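The values are calculated or read from the model by the stated rules, or taken from the named source; none is laboratory data. As the structure is a computational prediction, the values presented were derived from the model and not from experiment. Note that each Cβ is placed from the backbone with ideal geometry, even for glycine, and that neighbours are counted across all protein chains shown.
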Amino acid sequence: MSHQLPAILFLLPLFAAISMPVVCLKHRHWSYPISVATLAVMVLVSILNLQNVIHHGEVRYVFSGWTVPLGIEWVADGLASVILVLLSALGLLGVVFTGSTSPKDLGGRIVHYYTLILLLVSALTGIVFAGDLFNLFVFLEVAAISSYALIGVAGGRALFAAFRYLVLGTLGASLYLLGVSYLYAVTGTLNMSDMVDKLPFLLSSKALVGGLIFMFIGLAIKMALVPFHSWLPEAYTYAPESISPILASLVTKVALLAWFRIIYWVFNASIVINDIPILLLVAALGTLATVIGASLALAQRDLKMMFAYGGISHIGIILIGIGQGNQTGFAGGVFYLLNDAVMQAGLFFFAGVAFCQYGVRTIDDLGRVGKQAPWLTGSLIVMALGMVGLPPTGGFFGKWYIILGALEAGNYVSVAAVLLSTLLTLAYFVKLFECIFRQSSTQLDVQSGGIPFPFKLTLGVTTAAIIILGLFSGPIVQLLLDHALPPGL
Amino acid sequence: MVDAFLAVLQRPNFLAFVIIFLWGFYIMVTRYNLVKKLIGMYLVQTSVIFFLVSISAKKGATVPVLLSTTEPVQAASYANPLPHVLTLTAIVVGVATLGVGLALCAAIYREYGSLDEEEILKKLE
């Protein structure tokens, strides 16, 4: 039974998604409880899966008995299992949150809305597990197509943002596919573990370098790495309030995960191609992304836009950690990825609640929140501590391990970049809190009842998770070091 | 330099791929009409599919069904089936993306009464 867990994890949301339009044909209000129940079961199964992987080692799932390298293989190793717990938990929170914010004018189409969310979650599960480069491409596209549709649901400006995302995202996917076909032409295999055996003899091949570059550019568009980030801020800002948290916390992070699975698991990360060490390039791009993203965030006045640029800058920090090429840096990068996903979800939950309850769009309106909802402000303070990286939160320990890794590698530019982006993050949160606590901006009193329970629950859980990740950072990083490291690091 | 050109001419399929890809990319970047952008996007996708198929072709090879079960398999006499299968999947993915793209275009037209990017941007401000 336990070796079937990866397939069960993927099929749960997929079957729920496919059967939902039929089951909910007459009773459209069933779609919400069904989605919540499915994802709640998925959280339990993913925890079981993690436990299984920790105790019995990684699970290699081969579909319909076709063994490697002929068949499609899924790999549930430590890294995938940890990320999957995060993915299903944040998916569940996102869907719970959706209950009170879903666009009112959707009517009967609300069923399809939940279908798309579940499809997105199942596709992301596929990306995390995929042990086959082409399989990865297919799930990347399924996830992307559901996100285009989900962003477009909001109408208005979101339509145009979704269209831009679609054009750029498809270009990225095509480049990734091109890279995969280069690698296939050189090695004759698509399976990652099979390719590992064949690559050492082919490292001088120019086609291999070309393929790697195309794959990287393709995935960089998907993960919104500077300078390929232009689709992200608008898409996440104008997306429905309930969708932004799921997208911001999961989609870019999972594309990033796919990238470092390729670079560490398929290519040996220490390889130098044409005198260019790949990892150094990754760290340099991360440096660029984190500083530029944070500076752009400082210039924003729209709340969600600011958080979206914050997310772009944090992608850079994770890449810096991953790019150091030592255990500390890698574990720190993955730990920071977990934290960043939770913080992004929390920030967009906050933005959603602030808009739905108090009509806050830009930071100038934030004064209303400060006056009327001290608890909301409190949770934002905790998230800000996490984003900036102050001690009781997980953000601090993530950055701590990344900096330790960079010092170990003697890469002082990376250390400086992390510190600089921390200062810039502090600057834009100071700007935010200045607007909250300034008394003069509270002239417009919006009448609002109590905050609905789902809002309180999701915000409370994410806020608590930021602290808990910080308090238990030691065991979690140890878990990552023991079970989630790539071979040969 | 001449050698490089001659080497390219040895493989006209790669040349065709590069031309179609860049053509599609050019349309995507330069045209303001959203449907034209989608056409360019589809050309880019198609060029990659063309590339995948072209690397699997062999001269004088036949369909990948075993001619004889007793003799050892001669790999050179069969076309590689895998890229064709990948291509099928990639076409399905491409059609799905195009479908969502056209649906978004229709919604944009209903919302803004235009498909011209510049006009839409003007209305957004």
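Residues that are under 15 Å from A:G405 (Cα atoms) and surrounded by fewer than 24 Cβ atoms within 10 Å (Cβ to Cβ) were ranked within segment A:318-355; the one that is modelled with the lowest pLDDT is A:G325. Within segment B:71-94, residues that are within 11 Å of another protein chain (Cβ to nearest Cβ) reach partners that are surrounded by 12 or more Cβ atoms within 10 Å (Cβ to Cβ) and among the acidic types (D, E) with beta carbons closer than 7 Å, at six or more positions or on different chains, in the pairs B:V93/A:E141. Inspection of segment A:293-305 identifies at least one residue that is touching a residue at least 60 places away in the same chain (Cβ under 8 Å), assigned to a loop (DSSP other than H, G, I, E, B), surrounded by fewer than 24 Cβ atoms within 10 Å (Cβ to Cβ) and touching a strand residue (DSSP E or B) at 6+ places or on another chain (Cβ under 8 Å). Of the helices (runs of 4 or more DSSP H) lying entirely inside segment B:1-98, those containing at least 3 residues that are touching a helix residue (DSSP H, G or I) at 6+ places or on another chain (Cβ under 6 Å) and of a type in the set (V, I, T) span B:34-56. Within segment A:51-76, being surrounded by fewer than 21 Cβ atoms within 10 Å (Cβ to Cβ) and assigned to a helix (DSSP H, G or I) holds for A:Q51, A:N52, A:I54, A:H55, A:H56, A:F63, A:S64, A:G65.
Condition check for A:V251 on (1) in contact (Cβ under 8 Å) with a residue 12 or more places away in the chain; (2) within 14 Å of chain B (Cβ to nearest Cβ); (3) part of a helix (DSSP H, G or I): one failure, at (2).
Please specify each residue of segment A:188-204 satisfying the condition of being in a loop (DSSP other than H, G, I, E, B) and more than 26 Å from the chain's Cα centre (by Cα).
A:G188, A:T189, A:L203, A:S204
Of the residues making up segment A:146-164, those that are part of a helix (DSSP H, G or I) and out of contact with any Gly (no Cβ under 9 Å at 6 or more places or on another chain) are A:S146, A:A149, A:L150, A:I151, A:G152, A:R157, A:F160, A:R164.
Reported count of residues in segment B:59-73, each being closer than 13 Å to B:H84 by Cα and surrounded by 10 or more Cβ atoms within 10 Å (Cβ to Cβ), is 1.
Yes/no matrix, rows are residues, columns are (1) surrounded by fewer than 20 Cβ atoms within 10 Å (Cβ to Cβ); (2) touching a Phe, Trp or Tyr at 6+ places or on another chain (Cβ under 6 Å):
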| residue | (1), (2) |
| --- | --- |
| A:F455 | no, no |
| A:L459 | no, yes |
| A:A464 | yes, no |
| A:P487 | yes, no |
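Quick check on segment A:378-395: of everything there that is of a type outside the set (A, V, I, L, M) and buried (at least 20 other Cβ atoms within 10 Å of the Cβ), which residue is farthest from A:S313 (Cα to Cα)? Checked segment A:378-395; the qualifying residue farthest from A:S313 (Cα to Cα) is A:S379.
Selection of segment A:1-58 for residues being closer than 15 Å to A:T115 by Cβ and of a type in the set (F, W, Y) yields A:F15, A:W30, A:Y32.
May I ask you to list the residues in segment A:124-136 that are part of a helix (DSSP H, G or I) and more than 11 Å from every other protein chain (Cβ to nearest Cβ)?
We begin by selecting, within segment A:124-136, every residue part of a helix (DSSP H, G or I); these are A:124-129, A:133-136.
Matches in segment A:124-136: A:L124, A:T125, A:G126, A:I127, A:V128, A:F129, A:L136.
A count restricted to segment A:370-407 and to residues that are modelled with pLDDT under 90 and of a type in the set (K, R) stands at 1.
Scoring A:L199 on the criteria (1) among the hydrophobic types (A, V, I, L, M, F, W, C); (2) buried (at least 21 other Cβ atoms within 10 Å of the Cβ); (3) away from chain B (no Cβ under 13 Å) leaves a single failure, condition (2). Out of A:A207, A:A185, A:A224, one residue alone is hydrophobic (A, V, I, L, M, F, W, C), out of contact with any strand residue (DSSP E or B) (no Cβ under 9 Å at 6 or more places or on another chain), outside any helix (DSSP H, G or I) and touching a residue at least 12 places away in the same chain (Cβ under 8 Å). It is A:A224. What residue, among those in segment A:137-183 that are β-branched (V, I, T) and either more than 7 Å from chain B (Cβ to nearest Cβ) or surrounded by fewer than 24 Cβ atoms within 10 Å (Cβ to Cβ) (or both), is farthest from the chain's Cα centre (by Cα)? Residue satisfying both the conditions and the ranking: A:V180. Which one is farthest from B:T30 (Cα to Cα), of the residues in segment B:107-123 that are surrounded by 12 or more Cβ atoms within 10 Å (Cβ to Cβ) and either modelled with pLDDT of 90 or more or among the aliphatic types (A, V, I, L, M) (or both)? Here the residue is B:A107.
Among the numbered conditions (1) buried (at least 22 other Cβ atoms within 10 Å of the Cβ); (2) touching a strand residue (DSSP E or B) at 6+ places or on another chain (Cβ under 7 Å), the only one that A:F97 does not meet is (2). Would you call B:G101 within 18 Å of A:S174 (Cβ to Cβ) and within 7 Å of another protein chain (Cβ to nearest Cβ)? For B:G101, the condition - within 18 Å of A:S174 (Cβ to Cβ) and within 7 Å of another protein chain (Cβ to nearest Cβ) - is met. Among the residues of segment A:419-440, is there at least one that is under 30 Å from A:L50 (Cα atoms), among the hydroxyl-bearing types (S, T, Y), modelled with pLDDT of 90 or more and not in a loop (DSSP other than H, G, I, E, B)? No, there is no match, as no residue in segment A:419-440 is under 30 Å from A:L50 (Cα atoms), among the hydroxyl-bearing types (S, T, Y), modelled with pLDDT of 90 or more and not in a loop (DSSP other than H, G, I, E, B).
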